[in-house]
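Below you'll find the structure, written out as structure tokens, and then a few comments.
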Amino acid sequence: MKKSEYENIERYMFECMKDSAHDKEHIYRVLYMALDIAKYEENVDKDTLIAACLLHDIGREEQFKNPAIDHAKAGSKKAYDFLVKSGWSDRRAGHVRECILTHRFRSDHLPESIEAQILFDADKLDVAGTLGIARTLVYTGQVSEPLYSVDEKGNVLDGENDRMPSFFQEYKFKLENIYDKFFTQRGKQIAKERQESAVSFYNSMLSEVRSCYSCGRTELSALLAGLC
């Protein structure tokens, strides 16, 4: 890919990216990890991969305004239209579109081409480990979701069967379950290396929060009962 072509795609990405949890640094991390993974695979179309990485989250603004919109679908169409206008053939632009369409964790469409699988893995690595924890906490704050939920008895829930959105729920629903979703061997290797830190963070946070409630509630009950 020529530098001018890269910069043209990069400029368009900047125009489309606004929310901080999926800011430009996320895009670059995905791009850099994708290029690392690509070194271990054969016959990778690097131009397609680079374009797909740069543009994979450009539909986020539409989803942020209307949660019913799938950012992968919105972004894949925007990317295709932009690339065709920029001189890409229908076939090449269509390949990028398919990569973006199948990169989402909650998608019904599985990535088929090696470029799509690399993008999927690189994007999921950004929600693995403590980096994924940090990004999820940023997003949780953006949408005003709590860190955890408490049941009617005042017990802190671990996120496993929570009905209300929270960081713990997102961890149990998504973050905990990504490690067996990777397609490439390199992606699987890196994910496994990062998994331990994420598990440790979640367990420590859950333990600390529950400790606050168990100790403090016992003390409050004693005070209200006139025992202290």
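Checked against the criteria, ILE27 does not count as touching a Ser or Thr at 6+ places or on another chain (Cβ under 6 Å) and not basic (Lys, Arg). Step by step: first the residues of the stretch 167-210, then only those that are among the acidic types (Asp, Glu) and loosely packed, with under 15 Cβ neighbours inside 10 Å, then the one that is farthest from PHE105 (Cα to Cα). Which residue is that? If we take residues in the stretch 167-210 being among the acidic types (Asp, Glu) and loosely packed, with under 15 Cβ neighbours inside 10 Å, then GLU208 is farthest from PHE105 (Cα to Cα).
Pairs linking a residue in the stretch 28-39 that is over 13 Å from CYS99 (Cβ atoms) to a residue that is outside any helix (DSSP H, G or I), with Cβ atoms under 8 Å and 6 or more positions apart or on different chains, are ARG29/ASP126; MET33/ASP126; ILE37/THR184.
Yes/no per residue for (1) at pLDDT 95 or above; (2) over 15 Å from the mean Cα position of the chain (by Cα); (3) closer than 14 Å to TYR148 by Cβ:
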{"position": "GLU160", "(1), (2), (3)": "no, yes, yes"}
{"position": "MET164", "(1), (2), (3)": "no, yes, yes"}
{"position": "GLU170", "(1), (2), (3)": "no, no, yes"}
{"position": "ILE178", "(1), (2), (3)": "no, no, no"}
{"position": "SER197", "(1), (2), (3)": "yes, yes, no"}
{"position": "TYR202", "(1), (2), (3)": "yes, yes, yes"}
{"position": "LEU206", "(1), (2), (3)": "yes, yes, yes"}
{"position": "TYR213", "(1), (2), (3)": "no, yes, yes"}
{"position": "LEU224", "(1), (2), (3)": "no, yes, no"}
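State whether one or more residues within the stretch 136-145 are in contact (Cβ under 8 Å) with a residue 12 or more places away in the chain, surrounded by fewer than 22 Cβ atoms within 10 Å (Cβ to Cβ), among the small types (Gly, Ala, Ser) and farther than 21 Å from ALA34 by Cβ. No, that holds for no residue.
Which fully enclosed helices (runs of 4 or more DSSP H) of the stretch 55-174 have 1 or more residues being of a type in the set (Gly, Ala, Ser) and within 19 Å of CYS16 (Cα to Cα)? Correct list: 71-85, 90-101. Total residues in the stretch 40-54 satisfying the condition of being in contact (Cβ under 8 Å) with a residue 60 or more places away in the chain, touching a Lys or Arg at 6+ places or on another chain (Cβ under 9 Å) and in a helix (DSSP H, G or I): the figure is 2. Each residue in the stretch 174-212 was checked for being touching a residue at least 60 places away in the same chain (Cβ under 8 Å) and within 16 Å of GLY154 (Cβ to Cβ), and 1 of them qualify. Among all positions in the stretch 90-106, there is no residue which is among the hydroxyl-bearing types (Ser, Thr, Tyr), out of contact with any helix residue (DSSP H, G or I) (no Cβ under 8 Å at 6 or more places or on another chain), surrounded by fewer than 24 Cβ atoms within 10 Å (Cβ to Cβ) and outside the structural domain of THR184 (by TED's automatic domain parsing). Screening the stretch 111-122 for residues that are charged (D, E, K, R) and crowded, with 24+ Cβ neighbours inside 10 Å and picking the one that is farthest from the chain's Cα centre (by Cα) gives GLU115. Screening ALA191, ALA222 for residues that are within 28 Å of ILE114 (Cα to Cα) and assigned to a helix (DSSP H, G or I) leaves exactly one candidate, ALA191.
If you check MET13 against the conditions, is it outside the structural domain of PHE182 (by TED's automatic domain parsing), surrounded by 18 or more Cβ atoms within 10 Å (Cβ to Cβ), in contact with a Lys or Arg (Cβ under 9 Å, 6 or more places away or on another chain) and modelled with pLDDT under 90? No. Note on the stretch 133-167: residues that are under 23 Å from LEU220 (Cβ atoms) and among the hydrophobic types (A, V, I, L, M, F, W, C) amount to 4.
The values are calculated or read from the model by the stated rules, or taken from the named source; none is laboratory data. Since we're looking at a predicted model, the values are computed, not measured. Note: ideal-geometry Cβ built from the backbone for every residue, glycine included; neighbour counts use all protein chains shown.
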